[in-house]
Amino acid sequence: MKALGISRSIEFSPNSENKDSFILHAVGDVLQQKGMDVSYLTENEFLSSSIEGVDLIFTMGRDARTVECLEKFEKKGILVVNPASGIRNSERFRLSELFLKERIPIPRTKLLESILEQADVTWPYPVWIKRGDGCAQVKDDVQLCGNAIEANAALAGFRRRGIERAVVSEHLKGDLVKFYGVLGTPFFSWNYPDFSKSKFGLEEKNGPVQGYRFNVDKMKEVCDKAADILQIPVYGGDCIVAADGTFKIIDFNDWPSFSSCRDEAAHAIASYIIKTYERNKKRPEFNT
């Protein structure tokens, strides 16, 4: 059985290139231990290569062209984790739409269909202004704005960069909790952020951790539901836990680096891949 791992391009892995590479290869190592023939390609190599004889693909790629190619492999019956549909759904605007529709607990949020709209909100500032067409690639893609002037200046910056849509969310007070999971497995891990390892230093905006108690099983249940809605079985993100123990998701990502729980996550991801592949083999359409 042949498995192909696709790494994430540098522009989609700001300050995390090595950590992303480590988890991809950790998963590949487990798959090899299970008897699979594993090879790797970068996103650029994947787009320029003629690939044949692959049984499954595990990918951290986010480039739109990569997603299109992955979708073609899926149509041929090849398992792709995370699937193309999930990678598309992880774009901030689409993700927020789905969470609002399915009542996933998130902050009060305003979706700006056109970046020409003003950032008028009905709740007090500060608010977060986030690019809507993908994940954060540079620090200015996510900005905490203290008033309407700052918010509209952030939107003006998006316009200059050709970003068409944005998401405005209220700033919540509470503990920032980072979470990691693999859908359909017992695996779920959480931790408080290490500010020294932050991509852009934004976690510090939430202030010192208070250690508010919360129900981890409930958080896993909500995050698994969110992952199922988005079709992102390998996931991670951030929650804000309030003083009363309630929490809301403020970020949700397709295949994070799992740097705080890499070994355990690698085994869970590999287990998910193998079980899903074996289950799909039993479906008639998978073998057509």
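Bridging of K19 to lysines at a Cα separation below 19 Å is possible for K139, K178, K197, K199, once same-chain residues fewer than 8 apart are set aside.
Taking the centroid of alpha carbons for each part, the stretch 74-116 and the stretch 231-278 are 16 Å apart. Only helices enter the 222 nm calculation for the chain: every DSSP H run of n ≥ 4 contributes -39,500 (n - 2.57), and dividing by all residues gives -11000 deg cm²/dmol, rounded to 500. Taking 19 Å as the straight-line reach from the Cα of K72, the lysines in range (excluding those fewer than 8 positions away in the same chain) are K2, K281.
By its C-alpha gyration tensor, with a ≥ b ≥ c as the square roots of the eigenvalues, how is the stretch 1-85 shaped: rounded for a/c under 1.5, else prolate for a/b larger than b/c, else oblate? Note, shape of the stretch 1-85 comes out oblate.
Bridges between two residues of the chain, per DSSP, are antiparallel at a rate of about 75%. Counting every C-alpha pair in the stretch 69-154, the share spaced more than 15 angstrom apart comes to 66%. To the nearest 10 degrees, how steeply does helix 92-101 sit against the main Cα axis of the chain, on a 0 to 90 scale? Roughly 80 degrees, rounded to the nearest 10.
For the chain, the solvent-accessible area of protein heavy atoms averages 48 Å² per residue (probe radius 1.4 Å; ligands and nucleic acids excluded).
Counting only other residues whose beta carbon sits under 14 Å from that of E45, what net charge do I get with K and R as +1, D and E as -1? The answer is 0. The stretch 1-63 and the stretch 133-164 have Cα centres spaced 31 Å apart.
Can you give me the % of accessible surface on the stretch 1-100 that is carbon or sulfur? Probe 1.4 Å, all protein chains present, nothing else counted. Whole-percent figure for carbon plus sulfur exposure: 45. Comparing T122, T66, T246 in a Gaussian network model of the chain, where Cα atoms under 10 Å apart are tied by springs, the biggest mean-square fluctuation is seen for T122.
The values are calculated or read from the model by the stated rules, or taken from the named source; none is laboratory data. What you are looking at is a predicted structure, and each value in this text was computed from that prediction instead of being measured. For neighbour counting, all protein chains shown are included, and Cβ atoms are generated from backbone atoms with ideal geometry for every residue, glycine included. When the accessible area is computed, the model is the full protein with side chains, heavy atoms only, and any ligands, DNA or RNA have been set aside. Shrake-Rupley method; radii C 1.70, N 1.55, O 1.52, S 1.80 Å.
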